[in-house]
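Before any comments, here is the structure.
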């Protein structure tokens, strides 16, 4: 996988995280499971810095909570994060419309899951 493909996949992951963080609290392990359901296999060394970066950029805010005796960091979208997702959605829809025209929309999905290397 080239660095460019990796960067694009990580951008998809960022949008996916924002999508979920707008409607619910998310946490690293839970997001890793959610992303895996969509074919992304991210290592903790990739996912956690991504979450921290979204927080540093003001798109997410986090709080820690003790769950089953362990500290878990939950993230939710900030107003800036919500605005970013609103801004991204029409562009994403346009891209999907162009990249996946109707005649290809029902083609079988790839069976190989993309793995995002560190």
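The values are calculated or read from the model by the stated rules, or taken from the named source; none is laboratory data. These numbers come from a predicted model, not from an experiment. Using ideal geometry, Cβ is built from the backbone for each residue, glycine included, and neighbour counts are taken over all protein chains shown.
Restricting attention to the stretch 37-48, and to residues there that are free of Cβ contacts under 8 Å to residues at least 60 places away in the same chain and in a helix (DSSP H, G or I), which single residue is nearest to the chain's Cα centre (by Cα)? Before the answer, list the steps.
Narrowing the stretch 37-48 to residues free of Cβ contacts under 8 Å to residues at least 60 places away in the same chain: 37-38, 44, 47-48.
Okay, now just the ones that are also in a helix (DSSP H, G or I), so 37, 44, 47-48.
Working: 37: 12, 44: 13, 47: 9, 48: 11 Å.
Top of the filtered list is 47.
List the residue pairs whose Cβ atoms are under 6 Å apart, where the first residue sits in the stretch 16-31 and is under 19 Å from residue 67 (Cα atoms), the second is at pLDDT below 95 and in a helix (DSSP H, G or I), and the two are 6 or more positions apart or on different chains.
Final answer for the pair search is none.
How about the stretch 9-28: which of its residues are assigned to a helix (DSSP H, G or I) and either modelled with pLDDT under 95 or in contact with a strand residue (DSSP E or B) (Cβ under 8 Å, 6 or more places away or on another chain) (or both)? Please lay out each step first, then the result.
Within the stretch 9-28, the subset assigned to a helix (DSSP H, G or I) is 9-23, 28.
Within the stretch 9-28, 9, 10, 13, 17, 18, 20, 21, 22, 28 meet the criteria.
Kindly indicate whether any position in the stretch 51-60 is over 19 Å from the mean Cα position of the chain (by Cα), over 17 Å from residue 25 (Cα atoms) and surrounded by 10 or more Cβ atoms within 10 Å (Cβ to Cβ). Talk me through it step by step, then tell me what you get.
Within the stretch 51-60, the subset over 19 Å from the mean Cα position of the chain (by Cα) is none.
There is no residue in the stretch 51-60 that is over 19 Å from the mean Cα position of the chain (by Cα), over 17 Å from residue 25 (Cα atoms) and surrounded by 10 or more Cβ atoms within 10 Å (Cβ to Cβ).
Kindly establish whether residue 66 is more than 13 Å from residue 10 (Cα to Cα), in contact with a helix residue (DSSP H, G or I) (Cβ under 7 Å, 6 or more places away or on another chain), modelled with pLDDT of 95 or more and not in a helix (DSSP H, G or I). Step through it out loud before you land on a result.
Working: more than 13 Å from residue 10 (Cα to Cα): yes; in contact with a helix residue (DSSP H, G or I) (Cβ under 7 Å, 6 or more places away or on another chain): no; modelled with pLDDT of 95 or more: yes; not in a helix (DSSP H, G or I): yes.
So residue 66 does not fit the description; no.
Condition first: surrounded by fewer than 14 Cβ atoms within 10 Å (Cβ to Cβ) and closer than 23 Å to residue 93 by Cβ. Now tell me which residues in the stretch 16-33 satisfy that. Give the derivation first.
Our first condition is that a residue be surrounded by fewer than 14 Cβ atoms within 10 Å (Cβ to Cβ); within the stretch 16-33, this holds for 23-24, 29, 33.
Matches in the stretch 16-33: 23, 24.
How many of the residues in the stretch 41-50 are in contact with a strand residue (DSSP E or B) (Cβ under 9 Å, 6 or more places away or on another chain) and either surrounded by fewer than 15 Cβ atoms within 10 Å (Cβ to Cβ) or at pLDDT below 95 (or both)?
Qualifying residue count for the region: 3.
Among the residues of the stretch 69-82, is any on the phi < 0 side of the Ramachandran plot, surrounded by 10 or more Cβ atoms within 10 Å (Cβ to Cβ), touching a residue at least 60 places away in the same chain (Cβ under 8 Å) and under 15 Å from the mean Cα position of the chain (by Cα)?
The answer is yes; a qualifying residue exists.
List every residue pair whose Cβ atoms lie under 7 Å apart, where the two residues are 6 or more positions apart in sequence or sit on different chains, the first residue falls within the stretch 88-99 and is at negative phi, and the second residue, located anywhere, is modelled with pLDDT of 90 or more.
Taking only residues 6 or more apart or on different chains, the pairs are 88/15; 92/15.
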